[in-house]
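Enquirer: Let me give you the structure first, and then I'll get to my questions.
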Amino acid sequence: MRRFKEPLKTALLILLTLSAAFLAWRGRIFGGLFPEPEPETTPPQEEEILSCSPAALPSVLVLTGVSGLHCGVKYDAEEMSRLFDLCSPILAEALGSAEKPSPIPEKEFRNRLEGAGLYLDFGFSLPVSVLAAWVGVDVLWAEEASGSAFLLDSDPSGSIRLCFTGEEGEYLSSITAASRLSMEALLEDTLPNGAVFAFSLPELKNSAPYSLVLDELPELRAVNGAGGLEEAASALAEHFGINLSGTSRYTEADGTLVYPGETGVLRLDAGGSISFSAAEGAMQTRTDSLSERIELVRRLLETVHETYAAEERLSLIGLSWEDEVLSLTFGYEVGGIPVLLSGGAAAWAEWGPEGLRELTVFPRRYRRGEPVSGLLPEKQAAAASGSLYPGSGVRLILSDSGQSRLALSWAVTEEGELLWMQED
């Protein structure tokens, strides 16, 4: 019997081995035809890049022809907007190709102002990267730099140079790949209008050297103001999801109305301003881009401003960036003339690493009326202010003390404070 068991065990082992080999072979064949489905994966989401619109236009724009004579624009919002749009392409060419800047003497900067080119003065220190984003390009060099005044002109070699005034009062210059033909096309139809820089006039030796003096002012009109508190409060409450009719509202001792909500607290001050303070962690908006943060605030303020707007423009007039905290100041202008509010700025915002922290709006609407006259010529006003405050620059302002009619005047201001004024 044992003789039969051993061959049988051997035969069974051979059969099992052949069966295993067959199953493995079949798995390779049919597994290739009908593969196991792979787990679904979600493609990575591309980070949305905000398209940034200018939050401010220059306060001064000068085109200088090959003759060295200037065509200067200020106090004219419509013409400033038109010319800035016209100049944006070459500004984008220059900023998008600018090499790392290096210092130049002030004398070189001043001499370049007398040559053919484009000059822009924003009146406050503006990061170069933000200006570049406003015209749709990135700056190639990594170091953050800021300037209040920017100049594009041609080198003897034919290259276009970008010059600007730095935060510490230094003068910087960068070679660019902008086209000289673009510059020539921009200046081709430029007609001088008698505008001059103060440094070229001996009688204005005490004035700010790069302030522009117009030979003839555009038509000036009286301006009347009114409040827009109700409309602005409703818009902000809707944006932040705060119920103005809720039972949690209360009144503080000074008359301020307080409306708590999940996203933060909205306050309506008796003086006519509205402020929002975000609750911790409620306004999370992650972006490392300075220009995108400014754009998000600009869009929010635009939405609020549209509810009460008349003929004024809400414009960025100052910013500071320190320890990852961005502070933005906005002001009103009517027809290109800035409004000086007795209560401070038209709007103010603070943005921290986590997102928006604080927002304050002082809603005012303005309408222009009949033409006005009686102002000193700009050259005389500049001479008078320069003798009192050497190195200062005079400018037209509309002073809003809360009355219906605004005072139009020549004035000297410093960090928003009025130093000197010649009323109409």
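The values are calculated or read from the model by the stated rules, or taken from the named source; none is laboratory data. Note that the structure is predicted; figures quoted are calculated from it, not measured. Counting neighbours? That spans all protein chains shown, and the Cβs are built from the backbone with ideal geometry, glycine included.
Enquirer: Here are the criteria: (1) touching an Asp or Glu at 6+ places or on another chain (Cβ under 7 Å); (2) exposed (fewer than 15 other Cβ atoms within 10 Å of the Cβ). Tell me which single one residue 332 does not satisfy.
Expert: (2)
Enquirer: Sticking with this one: From 150, 109, grab the single residue that is outside the structural domain of residue 321 (by TED's automatic domain parsing), of a type outside the set (Ser, Thr, Tyr) and either in contact with a Gly (Cβ under 8 Å, 6 or more places away or on another chain) or part of a strand (DSSP E or B) (or both).
Expert: After applying the criteria, what remains is 150.
Enquirer: Only one of 62, 66 is in a loop (DSSP other than H, G, I, E, B), over 17 Å from the mean Cα position of the chain (by Cα) and in contact (Cβ under 8 Å) with a residue 60 or more places away in the chain. Can you tell me which?
Expert: 66
Enquirer: Still on this structure: For residue 325, work out the one condition from (1) surrounded by 22 or more Cβ atoms within 10 Å (Cβ to Cβ); (2) touching a Phe, Trp or Tyr at 6+ places or on another chain (Cβ under 8 Å); (3) free of Cβ contacts under 8 Å to residues at least 60 places away in the same chain it doesn't fulfil.
Expert: Exception for residue 325: condition (1).
Enquirer: Something else: Looking at segment 398-424 only, could you name the residues that are part of a strand (DSSP E or B), of a type outside the set (A, V, I, L, M) and at pLDDT below 90?
Expert: Scanning segment 398-424 gives 413, 414, 417, 420, 422, 423.
Enquirer: So if I check each of 21, 116, 55, which one is among the aliphatic types (A, V, I, L, M), at negative phi and modelled with pLDDT of 95 or more?
Expert: 55
Enquirer: For residue 286, are the conditions met, namely being touching a residue at least 40 places away in the same chain (Cβ under 8 Å) and buried (at least 16 other Cβ atoms within 10 Å of the Cβ)?
Expert: No; evaluated as a whole, the condition is false for this residue.
Per-residue answers, yes or no, for (1) over 24 Å from the mean Cα position of the chain (by Cα); (2) modelled with pLDDT under 95; (3) closer than 28 Å to residue 391 by Cα:
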{"site": "152", "(1), (2), (3)": "no, no, yes"}
{"site": "155", "(1), (2), (3)": "yes, yes, no"}
{"site": "174", "(1), (2), (3)": "no, yes, yes"}
{"site": "180", "(1), (2), (3)": "yes, yes, no"}
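Enquirer: Let me ask another. Check segment 282-293 and report whether any residue there is closer than 17 Å to residue 237 by Cα, part of a loop (DSSP other than H, G, I, E, B) and assigned by TED's automatic domain parsing to the domain that holds residue 227.
Expert: Checked segment 282-293: at least one residue is closer than 17 Å to residue 237 by Cα, part of a loop (DSSP other than H, G, I, E, B) and assigned by TED's automatic domain parsing to the domain that holds residue 227.
Enquirer: How many residues are part of a helix (DSSP H, G or I) and aliphatic (A, V, I, L, M) when one looks only at segment 169-217?
Expert: Going through segment 169-217 one residue at a time, the tally reaches 7.
Enquirer: Any chance segment 273-282 includes a residue that's surrounded by 15 or more Cβ atoms within 10 Å (Cβ to Cβ), aliphatic (A, V, I, L, M) and in contact (Cβ under 8 Å) with a residue 40 or more places away in the chain?
Expert: yes
Enquirer: Considering only residues of segment 310-322 that are assigned to a strand (DSSP E or B) and touching a residue at least 40 places away in the same chain (Cβ under 8 Å), which is surrounded by the most Cβ atoms within 10 Å (Cβ to Cβ)?
Expert: Out of the qualifying residues, it is 312.
Enquirer: Conditions: (1) surrounded by 18 or more Cβ atoms within 10 Å (Cβ to Cβ); (2) in contact with a strand residue (DSSP E or B) (Cβ under 6 Å, 6 or more places away or on another chain). Residue 139 meets all but one. Number of the miss?
Expert: (2)
Enquirer: Within segment 379-390, is even one residue in a strand (DSSP E or B), over 25 Å from the mean Cα position of the chain (by Cα) and of a type in the set (Ser, Thr, Tyr)?
Expert: Looking for residues that are in a strand (DSSP E or B), over 25 Å from the mean Cα position of the chain (by Cα) and of a type in the set (Ser, Thr, Tyr), one finds none in segment 379-390, hence no.
Enquirer: With 164, 124, 84 as the choices, which residue is hydrophobic (A, V, I, L, M, F, W, C) and either part of a loop (DSSP other than H, G, I, E, B) or crowded, with 20+ Cβ neighbours inside 10 Å (or both)?
Expert: 164
Enquirer: If you check 207, 211, 159, which single one turns out to be of a type in the set (Gly, Ala, Ser) and under 26 Å from the mean Cα position of the chain (by Cα)?
Expert: None of the other options fit; the residue is 211.
Enquirer: Which residues, taken from segment 223-244, are under 18 Å from residue 260 (Cβ atoms), assigned to a helix (DSSP H, G or I) and either of a type outside the set (Phe, Trp, Tyr) or free of Cβ contacts under 8 Å to residues at least 12 places away in the same chain (or both)?
Expert: Once the filter is applied, which keeps residues that are under 18 Å from residue 260 (Cβ atoms), assigned to a helix (DSSP H, G or I) and either of a type outside the set (Phe, Trp, Tyr) or free of Cβ contacts under 8 Å to residues at least 12 places away in the same chain (or both), segment 223-244 yields 233, 234, 236, 237, 238, 239.
Enquirer: Another question, if that's okay. Identify all residues within segment 246-272 that are small (Gly, Ala, Ser) and either without any contact (Cβ under 8 Å) to a residue 40 or more places away in the chain or not assigned by TED's automatic domain parsing to the domain that holds residue 234 (or both); write none if there are none.
Expert: Scanning segment 246-272 gives 246, 248, 253, 255, 261, 264, 270.
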